[in-house]
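Asker: Just passing along the structure, written as structure tokens.
The values are calculated or read from the model by the stated rules, or taken from the named source; none is laboratory data. Here the structure is a predicted model, which is why all the values come from computation and not from measurement. Every residue, glycine among them, receives a Cβ derived from its backbone with ideal geometry; neighbour counts consider all protein chains shown. Just the protein is used for accessible areas: all its heavy atoms, side chains included, with ligands, DNA and RNA removed. Shrake-Rupley method; radii C 1.70, N 1.55, O 1.52, S 1.80 Å.
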Amino acid sequence: MKGIKLEVTVKYNVGVTMTVSDEVFESLQHMEARWPDGFDTLHIDRECDAAMDFLADNISERDACEWEYEINDLEEINDDEQD
């Protein structure tokens with residue numbers, strides 16, 4: 001057995017069909033136009049609030065249809081370094 005320290009980026013894709021309010025739709029459109037390659041939650045603007053609330057309430061990993069894993073950092077550690 002080996003002790004490890006691991007940092008992984010996980011990306012998953014979800015597809016949904018549902019009815020949303022005009023506010024949510026416009027907020028999602030804004031987010032898509034402003035950040036077509038993706039966004040992080042630290043740099044979004046107020047026009048994304050409705051979209052962020054919608055996404056947080058309606059999209060989760062259990063809805064995923066495919067996953068992508070990227071190993072960012074992997075180190076072997078000694079037993080005394082484990083949490």
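Asker: Using only helices, what value at 222 nm comes out for the chain when you add -39,500 (n - 2.57) per DSSP H run of length 4 or more and divide by the total residues, to the nearest 500 deg cm²/dmol?
Answerer: -8500 deg cm²/dmol
Asker: While we're here: Calculate how large, on average over all directions, the projected area of the Cα convex hull of the chain is; give the answer in nm² to one decimal.
Answerer: Reported value for the Cα convex hull: 7.9 nm².
Asker: Which percent of the accessible area of segment 1-59 is formed by carbon and sulfur heavy atoms (probe 1.4 angstrom)?
Answerer: Result for segment 1-59: 49 percent of the exposed heavy-atom area is carbon or sulfur.
Asker: Based on the alpha carbon coordinates of segment 21-64, what radius of gyration and maximum Cα-Cα distance (Dmax) apply, in Å?
Answerer: So, for segment 21-64, Rg and Dmax equal 10.4, 28 Å respectively.
Asker: For a label point 7 angstrom out from the Cα of residue 78 toward its Cβ, which stretches of segment 1-34 have the backbone nitrogen within less than 18 Å?
Answerer: 1-5
Asker: If you don't mind, there's one more thing I want to ask. Show me the chymotrypsin sites (Phe, Trp or Tyr not before Pro) within the chain that DSSP assigns to loop and that have at most 16 other Cβ atoms within 10 Å of their Cβ.
Answerer: Qualifying residues, ordered by number: 39.
Asker: Another question, if that's okay. What's the magnitude of the charge dipole for the chain around its Cα centre, counting Lys and Arg as +1 and Asp and Glu as -1 at the beta-carbon? Answer in Debye, nearest 20.
Answerer: The dipole of the chain has a size of about 280 debye.
Asker: Enter the angle in degrees (range 0 to 90, nearest 10) between the Cα long axis of helix 22-34 and the first principal axis of the Cα atoms of the chain, meaning the one along which they spread out most.
Answerer: It works out to around 60 degrees.
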